[in-house]
1. At 1.4 Å probe radius, can you tell me the per residue accessible area of the chain in Å²?
2. Take the Cα of LYS109, step 7 Å along the line toward its Cβ, and report every residue of segment 222-246 whose backbone nitrogen sits under 18 Å from that point.
3. With unit charges on the beta carbon (Lys/Arg positive, Asp/Glu negative), name the residue among THR297, TYR268, GLY367 whose Cα is farthest towards the positive pole of the charge dipole of segment 261-394.
4. Could you list, in their original order, any pairs among LYS302/LYS501; LYS34/LYS182; LYS378/LYS510 whose Cα atoms are separated by more than 28 Å?
5. About its Cα centre, how strong a charge dipole does segment 267-356 have in debye, to the nearest 20, once Lys and Arg get +1 and Asp and Glu get -1 at the Cβ?
6. Between LYS334 and ASN380, what's the calculated FRET efficiency when r is the beta-carbon distance and R0 is 30 Å? Round to 0.05.
7. Distance from the Cα centre of segment 133-181 to that of segment 373-429, in angstrom?
8. Give, as a single signed number, the net charge of other residues whose beta carbon lies under 14 Å from the beta carbon of THR190, with Lys and Arg counted +1 and Asp and Glu -1.
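The values are calculated or read from the model by the stated rules, or taken from the named source; none is laboratory data. From a predicted model like this one, the values you see are computed outputs, not experimental measurements. Glycine also receives a Cβ, built like all others from the backbone with ideal geometry; neighbour counts cover every protein chain displayed. Quick note on the areas: whole protein, heavy atoms, side chains included, nothing else; ligands and nucleic acids left out. Shrake-Rupley method; radii C 1.70, N 1.55, O 1.52, S 1.80 Å.
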Amino acid sequence: MKQNRLFFLPFLTAFLLLFIISGTNSFASNNTRKVLITGKVTNSDYGNPVANHEIYIISESVNNQNASYFKTILTDEEGFYYDTLTTSLNKGSFLVYTYDYNNKIQEKKHYFRFIELSASNIFVTNFSIYMPFQAEQLQARFKYSQRNNESRFSFRFTDLSNNENISSWHWDFGDGNESTEKNPDHIFATSGLYKVKLTVAAQIFGKQKISSISMYLYVSEQSYFHMGGHCFAEYFPIDKGKAFLYFIDEYQKFIPVDTATFDTLGYYYFYEIPEGEYCIKVQPEITSEYYGTMLPTYYGDKVFWEMAVHISHHQTNWEYDIHLAEGHDTNLGKCNISGNVAYGDTLSSSRISPAKGVDFFLLNEEGSILSSHYSDEKGNFSFEKIASGNYWLTVDVPGFERKTKFIELNDENTDVSNLEIIIENGDVNMSVENNVFSNFSTLGKIYPNPARDEVNIELSATANSSLTIEILDSQGRLLQTENMVLQEGNTTVKLSTSSLKSGNYLIMVKSEGKISGKPLIVSK
């Protein structure tokens, strides 16, 4: 059986290299789920390859039915092993491990991910294990590492051959380039899997001896790092909740990447995330004791996505802690607000599919956030047993302009259950039967942004109407208020920002039962 496996390995090697050269970029486009695994086993004392050695690969789940994966592989004559893990999952993990002569385990856990930002999943795991077997009198060995503070294409190679009589070194980097230095630096031109070979020569007992050894080196198309943090509800870790990761592209579009469930200590983890700009949101589960009272919160401890602190992700960081914002108490009553949200076509008002997990915020008449609920699997949401009064209902969808509706509840109107929200093409369309506001103002462009001493605000009204312009700080505190009457048509209003310090703010326009808002940056 071992001979058959060894006979097959050279063909598998050729397939692996051909696949990487010709098909690496095909993964993301055709949704093929393949993880390529390779590495080398060497003797920790002498550096020689360890042939016919068992490597174990295990994964808890490789498809949506949670089927597990386990395989035993033998290393070839050069100490290499190869495997291809096929999966239907967008993300997952696997463990590679082996044992040395004394049955001591060595292991490495890897996390793979298939998203539009990631084109391939190739992993190289090398093992240096104790094996009490004397090597040849001359045994080449080396290590490599990425150079600090340089690109992922730049590597340093260090000769570890244990012989004082070495007279020459020859490096073949596997990309057509060579070197005769003892410890060379090399920059690869493109990403890919490279087989790097070191050959050393030495005079031993008057005879010329030559030894070679090869190792695989993978230069990824992007650099990948882990991220995570701790979520706090008041002074304690959250009991139950989720974290949502968004990639922010060059057009400031928020692209959902992953969802993570908190562990028992309130930690969340995102593994193997490509470099780039990101945003993280956390929220309590519906079964959490904090649901409804502690609000969904973005990194930077901001309630709404416009104010969130963006993460420049270029290294592993486990300290992106988030403290959930706290809502205000709501008075108990007999009134209810409910509705449904779906993805659809705003032009035809057709509803295509329910929108699960969309955050809705209930604000009092002064604009203070009282509570937050999110839509269920059918897109339904509700706020129950609230007191009579005037409220604002706002929906927060990352990257979409936030829309708000004014709702009046009284003894004659205790239930507003016909809220319909459609999300489509970068817009959120909110409508309420028998509650249509014809005279309202819309907030257009604000400039300059960043502003210094004043900012221009473009407004548009379908009829003569009164409005209020407010400037709020990053904590939602009201700093400035401007009341005016707006004539029908388009108007540009100048607002002073001379009293504001450098920082992030929010401009809110309230008119005829509607609110619209946009972020403002002040830079002195």
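1. Values: 26310 Å² over 524 residues.
Ligands and nucleic acids excluded, the result is 50 Å² per residue.
2. Inside the label zone: 225-230.
3. The residue sitting most towards the positive pole is GLY367.
4. Values: LYS302/LYS501 18 Å; LYS34/LYS182 37 Å; LYS378/LYS510 31 Å.
Checking Cα-Cα distances, LYS34/LYS182; LYS378/LYS510 exceed 28 Å.
5. Working: 5 positive and 12 negative charges, 108 e Å.
Roughly 520 debye for segment 267-356.
6. Working: r = 20 Å, r/R0 = 0.67.
Result of the calculation: an efficiency of 0.90.
7. Taking the Cα centre of each part, segment 133-181 and segment 373-429 sit 64 Å apart.
8. Values: positive: ARG152; negative: ASP175, GLU221.
Result for the neighbourhood of THR190: -1.
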